[in-house]
Amino acid sequence: NVYHGKGSRPFKALEGFNNVDSKVLSGNYNGYVIGSEDEMGRMSETGESVTKVLIPGLPDESNGECGARISSCFWQWKPKFNVHYEKSGAENVNSPPLLFLPGFGVGSFHYENQLKDLGREYRVWAIDFLGQGMSLPFEDPTSPSREEGITEGKDFLWGFGDKTEPWANGLVYSMDLWRDQVRHFVEEVIGEPVYIVGNSLGGFVALYFAACNPQLVKGVTLLNATPFWGFFPNPMKSPRLARIFSWSGTFPLPANVRKLTEFVWQKISDPESIADVLRQVYADHSINVDKVFSHILETTQHPAAAASFASIMFAPQGELSFREALSRCHMNNVPICLMYGKEDPWVKPVWGRQVKKQVPEAPYYEISPAGHCPHDEVPEVVNYLLRGWIKNLESEGAVGLPLLDDMEMESIRNNITRDLEFVREGSKKSVMVRFLGSKFSLWNLIKSSLKSRFGKLETKSP
């Protein structure tokens, strides 16, 4: 049986969420309030007029509009390795498959708006990484500790025992494990190449997976992808350096790590600490984050959560850095799309633009106001852009990229700003989206034009 915490406890930590100092404020959950006019002006630095684009909202169930039905499932990858995932749109057999990867500390629940909306026309999956969400182990990976004092009053914590259970030998919740988890999931559950979308940590894993398995990927979308993960060297990449560190995230936890984990876990799993993080990552504090809060809190109450957190924090880095993975995807012609919330306090726009610089042909959409999780904060916008990008690829360019009215004319423009409007809960909402095309597009257009003209002259000359 899966351990469940008391998700019904009151979330007093969220009181006052709307009353903090922020660029984006609203007094109720119904309003989506953009920033000041000065902030809007900065979104259009070229001085051009901003075109308004009306986009679809999410399925409005209050008006009888049904979203796709979401199914919650478990898949056993290996003995005791039970992966939780959610899926929708199974009836869309002729549509491309989409796979969503979550950020650190959350799970498939964070993509509810994508599953319900995009599942109406695509086949959609979202998974929980092993060691997170509902993919935490069903059993203690270690035998009970015999040491007195270390786990006194903490006997509900798994992973603090003296001896590793056979199924958990060598287990460490690392980038390499998650890359392999995604590969087997695509091969065994989905059964065909996918469009893969990742937020934060999930973005790095998506890129890492695509770099190692380009034959299984139709395209990668990065949503405020973290550009680094892990503090300790990879034993395959740097064996000598890795030997310096006596522990690398395996089970059981060493005694000194147990004490540190208990102390740190008590701090970060506190409801107020969780609420503080949500205040940071959501730019619009009018968004109702009760569901996200309750899911995260419930996960922290799982008996395996603390030791899993320690394993993640002490796990070695992946064999490829973010930059190396991006370069490999580029060499293998894996299509990449970039969507970044401008007000992200952690992965700031400069990180997204560095990715854009390394892969100049990748479309880059900067959304404002939006924070670290644009797919949950402005799902209407992310879903609209994702649909358009997939249609552009599936049609081999016959359908233009989102926000580009005329591909031939707009392709020469490097910086385009649009005001996207949509309806949410009966009210009109609006965000600004800046599109950055290839910085070489104008030069390529000029070269193509010159080549065409000179070619005609050479043909006419005697």
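Quick rundown of the values:
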item	result
Protein-only accessible surface order, largest first, of 184, 372 at 1.4 Å	184, 372
Solvent-accessible area of residue 329 with every protein chain in place, 1.4 Å probe, in Å² to the nearest 10	0 Å²
Dipole magnitude (debye, nearest 20) for the stretch 57-455, charges at Cβ of Lys, Arg, Asp, Glu	1660 debye
Spin-label model distance (nm) - residue 277 vs residue 94, 7 Å beyond Cα toward Cβ	4.4 nm
Using θ = phi - 60° and Karplus 6.51 cos²θ - 1.76 cosθ + 1.60, couplings along the stretch 286-292 (whole Hz; Gly, Pro as x)	8, 5, 7, 9, 4, 5, 4
Potential lengthening between residue 169 and residue 353 on full extension [0.36 nm per residue; Cα-Cα distance subtracted]	62.2 nm
Accessible area, probe 1.4 Å, largest first, for residues 164, 417	164, 417
Accessible area in the full protein assembly, largest first, 1.4 Å probe, for 295, 110	295, 110
Isotropically averaged projected area of the stretch 245-357, using the convex hull of Cα atoms (one quarter of hull area), nm²	9.7 nm²
Amide H partners (placed H, <5 Å) of residue 60, local residues excluded	65
Reduced Cα scattering model of the stretch 262-328, Debye log10 I(q)/I(0), q = 0.13, 0.18, 0.22, 0.24 Å⁻¹	-0.55, -0.83, -0.94, -0.99
Residue-span extension gain [residue 192 to residue 245] - 0.36 nm each, minus C-alpha spacing	15.1 nm
Förster-model FRET efficiency, 25 Å R0, residue 80 and residue 215, C-beta, rounded to 0.05	0.30
5 angstrom amide H check on residue 99, placed H, neighbours 5+ away	125, 195, 196, 197
Spatial separation of Cα centroids for the stretch 157-192 and the stretch 340-368, in angstrom	31 Å
Distance in nm between pseudo-label sites at residue 139 and residue 60 (7 Å out along the Cβ direction from Cα)	5.2 nm
Approximate shape of the stretch 177-224 as ellipsoid semi-axes (Cα gyration tensor, √5λ), whole Å, largest first	16, 11, 9
Label-point separation, residue 430 to residue 73 (7 Å along Cα→Cβ), nm	4.3 nm
For the stretch 57-455, alpha-carbon Rg relative to the globular expectation (2.2 N^0.38 Å, N residues)	1.04
Gain upon complete extension [residue 260, residue 156; 0.36 nm per residue less C-alpha separation]	35.8 nm
Trypsin sites (Lys or Arg not before Pro) lying in DSSP loop within the stretch 194-273, provided at most 13 other Cβ fall within 10 Å	243
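The values are calculated or read from the model by the stated rules, or taken from the named source; none is laboratory data. This structure is a prediction, so every number in the text was calculated from the model and none was measured. Neighbour counts are summed over all protein chains in view; Cβ atoms, including those assigned to glycine, are modelled from backbone coordinates with ideal geometry. Please note that ligands, DNA and RNA were not included when accessible areas were found on the heavy atoms of the full protein model with its side chains. Shrake-Rupley method; radii C 1.70, N 1.55, O 1.52, S 1.80 Å.
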